[in-house]
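**Q** My questions will all concern the structure given below.
The values are calculated or read from the model by the stated rules, or taken from the named source; none is laboratory data. All figures in this text were calculated on a predicted structure; none of them were measured in a lab. Quick reminder, even Gly has a Cβ in these numbers, built from the backbone with ideal geometry, and neighbours come from all protein chains shown. Side chains included, ligands, DNA and RNA excluded: accessible areas come from the protein's heavy atoms. Shrake-Rupley method; radii C 1.70, N 1.55, O 1.52, S 1.80 Å.
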Amino acid sequence: MINEVIKKNGITYGIVLGVVLALITATMYAIDLKLFVSGWIGGLTFAIYLVIGILLLIKTRNEIKGIFSFKDAFTTFFIATIIGVGISTTFSIILFNVIDPEAKATLNDLLIRYMAETLQKFGTPSSAINEALTKMKENSPFSTLEQLKALVFSIVGYSILGLILAAFFKSKTTTQE
């Protein structure tokens, strides 16, 4: 059975994280769709995710007032991740597949151009560039199916971050023999 503090904080911070991620998406959508292909936005989003995760683990460790095991720390982070990424993905699916499907096509074009420029900068052969761009044209990363696939990869990726943070924030054990 999950400790109530872990459950409460995981859910609360998961909702906060989901709302923040959805607001970032909404802000990028409102300002300029080109922001979706900006590398610094991805870095900023990761930094925000990291800060929220650290605050979550500090708060939970302080509220538990006892042993904060690796499992407890990871469980707290994982609950927040599932909820946060779930909210964010649901918002993106609704935005790009219900509210404004035209934005999905525009974003796909922007991503294809960005990919072509990036591959050219790295000296990728034309045949490989054409092959990659053809595959990108077949699957829009903002379709419901592709966003659900991205959800799974996000959960896996952020779980790795959660494992690292859990190792750092778990209670230090002392052994006396």
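**Q** Near ILE129, within a Cβ-to-Cβ distance under 13 Å, what is the net charge of the other residues, with Lys and Arg +1 and Asp and Glu -1?
**A** +2
**Q** By how many nm would the segment from GLU4 to THR90 lengthen if fully extended, with 0.36 nm per residue of separation less the alpha-carbon distance?
**A** So the chain would gain 28.3 nm between GLU4 and THR90.
**Q** Now, a different point. What net charge do the residues around ILE83 carry, taking every other residue with its C-beta under 15 Å from that of ILE83, with Lys and Arg at +1 and Asp and Glu at -1?
**A** Result for the local shell: +2.
**Q** What net charge do the residues around SER92 carry, taking every other residue with its C-beta under 14 Å from that of SER92, with Lys and Arg at +1 and Asp and Glu at -1?
**A** Neighbourhood net charge equals 0.
**Q** For GLU102 and SER69, what does the FRET efficiency come to when R0 = 35 Å and r is the distance between their Cβ atoms, rounded to the nearest 0.05?
**A** Computed FRET efficiency for GLU102 and SER69 comes out at 0.10.
**Q** Now, a different point. What part of the accessible area of the chain, given as a whole %, is carbon or sulfur when the probe is 1.4 angstrom?
**A** Within the chain, the accessible surface is 67 percent carbon and sulfur.
**Q** Fully extended, how many nm does the chain gain between LYS149 and MET136 (0.36 nm per residue separation, minus their Cα-Cα distance)? Please report the intermediate quantities before stating the final value.
**A** Values: separation 13, 0.36 × 13 = 4.68 nm, distance 1.48 nm.
Gain on stretching LYS149 to MET136: 3.2 nm.
**Q** A follow-up question, please. What's the angle, to the nearest 10 degrees (0 to 90), between helix 39-64's Cα axis and the longest principal axis of the chain?
**A** Between the helix axis and the principal axis of the chain, the angle is about 10 degrees.
**Q** Solvent-accessible area per residue for the stretch 16-68 at a 1.4 Å probe radius, Å²?
**A** Accessible area per residue, the stretch 16-68: 53 Å².
**Q** If packing is taken as the average count of other Cβ atoms within 10 Å, what order do 47-54, 97-104, 76-83 fall into, highest mean first?
**A** Taking the mean over residues of other Cβ atoms within 10 Å, the ranking is 76-83, 47-54, 97-104.
**Q** Do the alpha carbons of any pairs in LYS8/LYS149; LYS34/LYS135; LYS8/LYS104; LYS8/LYS172; LYS71/LYS149 sit beyond 32 Å of each other, and which pairs?
**A** Pairs exceeding the cut-off: LYS8/LYS104.
**Q** Separate question: Taking 0.36 nm per residue of separation and subtracting the Cα-Cα distance, what length does fully extending LYS121 through ALA47 add?
**A** Numbers: separation 74, 0.36 × 74 = 26.64 nm, distance 2.69 nm.
That pair, LYS121 and ALA47, stretches by 23.9 nm at full extension.
**Q** Based on the mean of other Cβ atoms within 10 Å per residue, sort peptides 114-120, 57-63 so the most packed one is first.
**A** 57-63, 114-120
**Q** Enter the angle in degrees (range 0 to 90, nearest 10) between the Cα long axis of helix 126-138 and the first principal axis of the Cα atoms of the chain, meaning the one along which they spread out most.
**A** Approximately 70 degrees, to the nearest 10.
**Q** I've got another one for you. Per residue, how many Å² of accessible area does the stretch 73-146 show with a 1.4 Å probe? Write down the numbers at each step before the final one.
**A** Values: 4120 Å² over 74 residues.
Value returned for the stretch 73-146: 56 Å² of accessible area per residue.
**Q** Points 7 angstrom from Cα along the Cβ direction at LEU35 and LEU110: gap in nanometres?
**A** Simple spin-label model gives 0.9 nm for this pair.
**Q** Tell me, Kirkwood radius of the chain from alpha-carbon pair distances, in Å? Kindly include the intermediate steps, with their values, before the conclusion.
**A** Values: mean 1/r = 0.0554 Å⁻¹.
In the chain this quantity evaluates to 18.0 Å.
**Q** Same structure again: Calculated from DSSP H runs of 4 or more alone, at -39500 (n - 2.57) each and per residue, what is the 222 nm mean residue ellipticity of the chain, nearest 500?
**A** After summing the helix terms and dividing by the residues of the chain, the value is -27500 deg cm²/dmol.
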